[in-house]
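The values are calculated or read from the model by the stated rules, or taken from the named source; none is laboratory data. This is a predicted model, so every value here is computed, not measured. Cβ sites come from the backbone with ideal geometry, for glycine too, and all protein chains shown count toward neighbours. When the accessible area is computed, the model is the full protein with side chains, heavy atoms only, and any ligands, DNA or RNA have been set aside. Shrake-Rupley method; radii C 1.70, N 1.55, O 1.52, S 1.80 Å.
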Amino acid sequence: MNLHQKLESEIKKAVSKIYNANLETVELQPTRKDFEGDITAVVFPMLRIVKGNPAQIGEAIGNYLLENVSEVEKFNVVQGFLNIVLSDSYYLDFFNSVEDFSTFGHVPQGNEALMVEYSSPNTNKPLHLGHVRNVLLGYSVSEIEKAAGKKVYKTQIINDRGIHICKSMLAWERFGNGETPDSTGLKGDKLVGNYYVKFDQEYKKQIEALKSEGKTEEEAKVQAPIIKAAQEMLRKWEAGDEDVVALWNKMNGWVYKGFEETYKSIGVDFDFYYYESDTYLLGKDIIEEGIKKDVFFMKDDGSIWCDLTKEGLDEKLVLRNDGTAVYMTQDLGTAVQRVKDHPDVGGMIYTVGNEQDYHFKVLFLILKKLGYAWADNLFHLSYGMVDLPSGKMKSREGTVVDADDLISQMAETAREISEELGKIDDFTEEEKEELYKMIGLGALKYYILKVDPKKRILFNPEESVDFQGNTGPFIQYTYARIQSILRKAASTSIGDGTSAPLGDGTSAPLGDGTSAPLGDGTSAPLGDRFPSTSVTLSIDSAEGTMHPKEKKLIKILQQYPETIQLAAENYSPALIANYTYDLVKEFNSFYQNIPILATQNETEKAFRVKLSSAVAEVIKSAFALLGIQVPERM
RNA sequence: GGCCCCGUGGCGCAACUGAAUAGCGCAUCAGAUUUCGGCUCUGAGGGUUGCAGGUUUGAAUCCUGCCGGGGUCACCA
């Protein structure tokens, strides 16, 4: 039982003892900044059950807690808010109880698996900024769910067949002159993407030509020879035509290689791949099953539908009258197939843009109606578009921000900034490149993940992404700085033995100059001694109090496990990002305001070093949940 | 038009799912280094939370109606 729960039950006890009433719930929240206290109990809701003056009730409960809960040191009541102050030793005990901050807050893996689908690209064009958002979200949510104790299978369904694929195949066949990634030095996905664009250009030309012959736009679109040829190619593919299938395999192979490079560069991976060419025929057996269960019905023309009007939606087609599958059929089939393949899967997350909100609403509803146990644990991780200042991104019109270009551009910006600082002049070129990429990616990932997925992002490539303030590099910088301190701490204690290596002339004047005024100026709420006997790392300096900045840091560290839990429940990397920022901001304030290595008292110094180290571990751990690496130096 | 999502200082975002004086970053202004990394820190100015009602002891948050932006209403995926 954690303290939160303990306080809750003690408050209930207090109310039942004093007022002979039973509280259903107790509202606890962190104390507001400008009031003294750590946790605040809100009295107002109790008034429904307990009659009286909120302030008096708060006072009575406070006194009860003071006597019965050892962690409670004092309290104050403001209006209907009971502000509870916890003792320093409570925080120290917590801090000392954590064995390893690098795994702190992570829950051991349970048996139930969650399948997370993300990326799911078409194989006719390279990945762009929109995919980047998708991939970052999917990967991060996977990591968060893992940390919260889920077994996670990362997967994607690759849209590797269909008319759009045939378009780039046809264009390559006609205009490609046998070009390959090797012969051109282009990444495979880029090469294929170029032919997709080429097809469209040719198609448009033909449409114009037909229009000038007096055809309407509609007619021209249907009659253009090149589109007919593409359709013919699709028919051949479906019939298993050897040449077409060979070409299809060859070109998709190029694309996959290109994709893998991009994924590797972004730093994401997958456990399983599903290909639409394998799954597009799935789902028909489910249709029959659905008819038997009366979930689906047949219309006069033989097409199969699902009636969702009772649920406030409309009727949805699930199978064409010629017996061929539609998008919904495939998704039904694929979902069921996934559980067949991996029976431990108890839920799925689909990372797909919000233009498909309706589709997934319907998909989930149908699966529920069909009675699958796991259908209650489906979540559409829906996210808004990434817009450019020029408007929407359109592959065919070349108005996209290419993922690979974007990554190298971010690294370039990182280089420019890094070189000014000049802290890594002794790095080799490769080390530098790696670092720039780490920082550039950190900026990009954080920029995208810190905002609510539902919101649209306007991405301006001109302005590039910030490196100061609430950004990835700011947090990476703080981590690197802590590492610098830890290196120094290690070298001083190893260097001269442990006896007196620390004074060395610098600490004396510094300690005097800075620590005294700060300690006094900000320590208003403190002034009490904690029992130094009961803790391994206590502070027995002259004052005998924990510095408010230290206490605040520990307080934030303590919130990490619940933050992971909350982020997992809400599928929200943004919560992790914001948490990390709060932690870092607090550390920087701590760092700026009180000495660490220059601390005179040895115990206190060791404590501060350990605290810094813990902060660094948590930064690293939290950033790993976002898929962002942190450098030892930068 | 029906349904869904979004609207918070100039800009970009928060607000622990209904609580105290709505926080933070960028930008602006004023300060801080005889200290461990100044990509830092301390402070100031800047808000009738799109508008109007309603519920509540209490609303950015819940309900209703508008306004603005986006999405979706395919036998495309």
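So the values come out like this:
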item: Given (1) near RNA strand B (Cβ under 9 Å from one of its atoms); (2) not in a helix (DSSP H, G or I), number of the condition A:T399 does not satisfy; result: (1)
item: Out of A:L170, A:L137, A:L114, sole residue that is open to solvent by less than 30 Å² (accessible area, probe 1.4 Å), more than 16 Å from RNA strand B (Cβ to nearest atom), aliphatic (A, V, I, L, M) and assigned to a helix (DSSP H, G or I); result: A:L170
item: Number of the exception - A:L23 against (1) over 25 Å from A:I554 (Cα atoms); (2) open to solvent by less than 40 Å² (accessible area, probe 1.4 Å); (3) in a helix (DSSP H, G or I); (4) of a type outside the set (V, I, T); result: (3)
item: Pairs with Cβ under 6 Å, 6+ apart, first in the range A:413-424 and closer than 14 Å to A:M438 by Cα, second near RNA strand B (Cβ under 8 Å from one of its atoms) and part of a helix (DSSP H, G or I); result: A:A414/A:I439
item: Of residues in the range A:257-275 being open to solvent by less than 40 Å² (accessible area, probe 1.4 Å) and touching a strand residue (DSSP E or B) at 6+ places or on another chain (Cβ under 7 Å), the one farthest from A:R161 (Cα to Cα); result: A:F270
item: Some residue of the range A:587-599 being away from RNA strand B (no atom under 12 Å from the Cβ) and either in a loop (DSSP other than H, G, I, E, B) or modelled with pLDDT of 95 or more (or both); result: no
item: Only listed residue being at pLDDT below 95 and open to solvent by 10 Å² or more (accessible area, probe 1.4 Å), chosen from A:D341, A:D307; result: A:D307
item: One residue from A:I407, A:I448 being within 26 Å of the chain's Cα centre (by Cα) and either within 13 Å of RNA strand B (Cβ to nearest atom) or farther than 21 Å from A:G627 by Cα (or both); result: A:I448
item: Of all residues in the range A:413-434 being within 14 Å of A:Y477 (Cβ to Cβ) and within 28 Å of the chain's Cα centre (by Cα), the one that is farthest from RNA strand B (Cβ to nearest atom); result: A:A414
item: Residues that are touching a strand residue (DSSP E or B) at 6+ places or on another chain (Cβ under 7 Å) and open to solvent by 70 Å² or more (accessible area, probe 1.4 Å), drawn from the range A:82-110; result: A:Q109
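To keep it simple, each residue is scored yes or no on (1) farther than 28 Å from A:Q156 by Cα; (2) touching a Leu at 6+ places or on another chain (Cβ under 7 Å); (3) away from RNA strand B (no atom under 16 Å from the Cβ); (4) part of a loop (DSSP other than H, G, I, E, B).
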site: A:F297; (1), (2), (3), (4): yes, no, no, no
site: A:C306; (1), (2), (3), (4): no, no, no, no
site: A:K316; (1), (2), (3), (4): no, yes, no, no
site: A:K340; (1), (2), (3), (4): no, no, yes, no
site: A:P343; (1), (2), (3), (4): no, no, yes, yes
site: A:G347; (1), (2), (3), (4): no, yes, yes, no
site: A:Y350; (1), (2), (3), (4): no, yes, no, no
